[in-house]
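The values are calculated or read from the model by the stated rules, or taken from the named source; none is laboratory data. Only a predicted model underlies this, so the values are computations on that prediction, with no experimental measurement involved. Here the Cβ positions follow ideal geometry from the backbone for every residue, glycine too, while neighbour counts run over all protein chains shown. In case anyone asks, the SASA skips ligands and DNA or RNA and just uses the protein heavy atoms, side chains included. Shrake-Rupley method; radii C 1.70, N 1.55, O 1.52, S 1.80 Å.
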Amino acid sequence: MATPDMLRYRRIPLTHGTGAIPALGFGTLIPDPVATRQAVKNALEVGFRHFDCAERYRNEEAVGNAMQDAFKAGTVRREDVFVTTKLWNSNHRPERVKQAFDASRQRLQVDYIDCYLIHTPFAFRPGDEQEPRDERGQVVYDSGVTLIETWRALERLVADRQCKSIGLSDITLEKLKEIVAAARIKPAVVQVESHPYLPEWELLDFCREHGIVLLAFAPLGHGMEPKVLEDPVITAVAKRVNKTPAQVALAWAVQRGTAFLTTSVTPHRIEENFDVSTLPDDAMQEIRDGIRTNIRFNGVVETGVPGFIPRAN
Ligand SMILES: NC(=O)c1ccc[n+]([C@@H]2O[C@H](COP(=O)([O-])OP(=O)(O)OC[C@H]3O[C@@H](n4cnc5c(N)ncnc54)[C@H](OP(=O)(O)O)[C@@H]3O)[C@@H](O)[C@H]2O)c1
């Protein structure tokens, strides 16, 4: 009998934190809370054990409810699930961090968070308004706090033991280097957009050298044009290995050493996205060498304002 392919169960031990992050992660950037709860339920059932959340997504409670249902039913244990959530831009002031963290933890209904990320390196005017804007409609940034000051507040959360690891998101390599140089606790995880059209090899090399897990969001290119899943290299590999283009893009992400976050509200796709298998080495090489398209779909890294930017055809 053939050995079952274990790729889908891969966990990456955290060098700068406690525990190990499942390489296959499910993202919860889903606007509707009812759909969120159902999608998380489906994702737990098919085997996903990493959930990526955020204060900004305004649906942590729905994610928490779905997890609680599974814990109470005894189908999944808390210690088997890795929960990531994120500090939003309007809470960068150190005195606001612990409160924001506790509020996320309470909405998620968990005693501890496995990984707490600074959502973006951009501080917005502190307050409860997520996107403060001036009279001209421009975002109001906060020049009264630096990223390292916010990072120090996250380091204190780890000392309190309710947070097992900390990290950054939507950060450039340059800014990451500054934090790594100054940090007492180094980032365990860096979450950025990454897919075959934005492989971020240089960032990945730096992360490898420093024991940081690169957590790729939009691993399927968010379904946007030009479509990663219609790329001729991806579709040719998919045909050859008898998998779908999505399964090829996701396996590629894991095999090159990243963890990923994919999202779907469609039950058969959630199942498909967990059913990944190891690609042959020559397919990995073909994807690396054969794809020349280079595109960033999400502009958050430039402004701190989230959003995938549709391209004019
Ligand atoms: N840090 C940040 O700033 C940031 C930014 C963006 C995202 N994220 C995180 O990353 C997660 C994933 O991002 P993403 O939603 O862009 O990921 P993605 O998986 O690349 O894209 C999701 C889109 O692809 C479709 N899809 C999913 N599986 C598919 C499949 N097997 N075949 C064809 N289409 C498929 C989904 O459609 P259906 O739902 O209709 O099935 C959905 O429209 C988010 O939920 C969030 O947790 C973080």
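Please report, as a whole percent, how much of the solvent-accessible surface of the range 179-237 comes from carbon and sulfur atoms (probe radius 1.4 Å).
On the way: 1180 of 2130 Å².
C and S fraction of accessible area: 55 percent.
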How far is the Cα center of the range 44-96 from the Cα center of the range 148-223, in Å?
19
Just to be sure I understand: with springs between alpha-carbon atoms less than 10 Å apart, which residue in Thr18, Thr120, Thr258 has the highest mean-square fluctuation in the Gaussian network model of the chain?
Thr18
Return one whole number: the accessible area per residue of the chain in Å², for a 1.4 Å probe.
45
For the range 153-256, what's the relative contact order in percent, using C-alpha pairs closer than 8 Å and at least 6 residues apart?
20
Among Ala54, Ala62, Ala20, which one moves the most in a GNM of the chain with springs linking Cα atoms closer than 10 Å?
Ala20
If you build a Gaussian network model of the chain, linking Cα atoms that sit under 10 Å apart, which residue out of Gln99, Gln247, Gln138 swings the most?
Gln138
Can you work out the PRE-style zone for Arg269? Point 7 Å along Cα to Cβ, and I want the residues of the range 211-234 with backbone N under 17 Å.
217-231
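Using a 1.4 Å probe on the protein heavy atoms, what percent of the accessible area of the range 88-142 belongs to carbon and sulfur?
Values: 1060 of 2510 Å².
The computed percentage sits at 42.
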So if we plug the beta-carbon distance of Val139 and Val46 into 1/(1 + (r/R0)^6) with R0 = 41 Å, what FRET efficiency do we get, rounded to 0.05?
0.60
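Which of the trypsin sites (Lys or Arg not before Pro) found in the range 15-84 are in a DSSP loop and have at most 11 neighbouring Cβ atoms, other than their own, within 10 Å?
Numbers: sites: Arg37, Lys41, Arg49, Arg56, Arg58, Lys72, Arg77, Arg78; in loops: Arg49, Arg58, Arg77.
Here the sparse-neighbourhood loop sites are Arg77.
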Full-extension gain in nm, Leu173 to Ala236, via 0.36 nm per residue minus C-alpha separation:
19.4 nm
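Counting each DSSP H run of 4 or more residues in the chain as -39500 (n - 2.57), what helix-only mean residue ellipticity at 222 nm follows after dividing by all residues, to the nearest 500 deg cm²/dmol?
Working: 11 runs with 118 residues, N = 313.
Result for the chain: -11500 deg cm²/dmol, rounded to the nearest 500.
Which of the DSSP-defined H helices in the chain satisfy a minimum axial length of 18 Å, computed from C-alpha atoms, and a minimum mean Kyte-Doolittle hydropathy of 0.0?
Numbers: long enough: 33-46 (20 Å, 0.04); 60-73 (20 Å, -0.41); 94-108 (22 Å, -1.29); 147-159 (19 Å, 0.47).
Qualifying helices: 33-46, 147-159.
Given a 1.4 Å probe and heavy atoms of the protein chains only, how would you sort Val145, Val265, largest accessible area at the top?
Working: Val145 20, Val265 90 Å².
In descending accessible area the options line up as Val265, Val145.
Of the beta bridges DSSP finds with both residues in the range 7-303, what % are antiparallel, to the nearest 5? Write out the running numbers ahead of the final one.
Details: 6 of 33 bridges.
Antiparallel: roughly 20 percent of the beta bridges in the range 7-303.
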